[in-house]
Amino acid sequence: MTTFLMAPSGTLALPWGGDERGAAAGAGEQPPELVLRARRGDEAAWAEIFDQHYVKLFRFFRARVATSETAEDLASETLLQAFRSISLSQGAD
């Protein structure tokens, strides 16, 4: 399962090892093709990212919080942060 976590610096840690500023974990690492498509503005890629991750995120949060509504909010906010991160790193490829 892919998860998006907040790094100690307050940035969003992305699943391929970078962060929302586009800083990669290692030299030469590239984000998945789906993310590259999303960076180029491909709406189908955005939808696919959402579809791949929302239910997993919801279930992750639902197991840890008191209400479904809170889990929905957390899953949505996590994906929103990921979308922002992807958008911010458009010049990184």
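Would you pick out the residues in segment 59-87 that are among the small types (Gly, Ala, Ser), farther than 27 Å from Asp42 by Cα and either in contact with a Pro (Cβ under 6 Å, 6 or more places away or on another chain) or surrounded by fewer than 17 Cβ atoms within 10 Å (Cβ to Cβ) (or both)? Matches in segment 59-87: Ala63, Ala66, Ser68. For segment 60-78, a residue qualifies if it is under 18 Å from Phe50 (Cβ atoms) and charged (D, E, K, R), and the qualifying residues are Arg62, Glu72, Asp73, Glu77.
Since every read-out is calculated from the coordinates, none of them should be taken as a lab result. Because the structure is predicted, anything quoted here is derived from the model rather than measured. Note: ideal-geometry Cβ built from the backbone for every residue, glycine included; neighbour counts use all protein chains shown.
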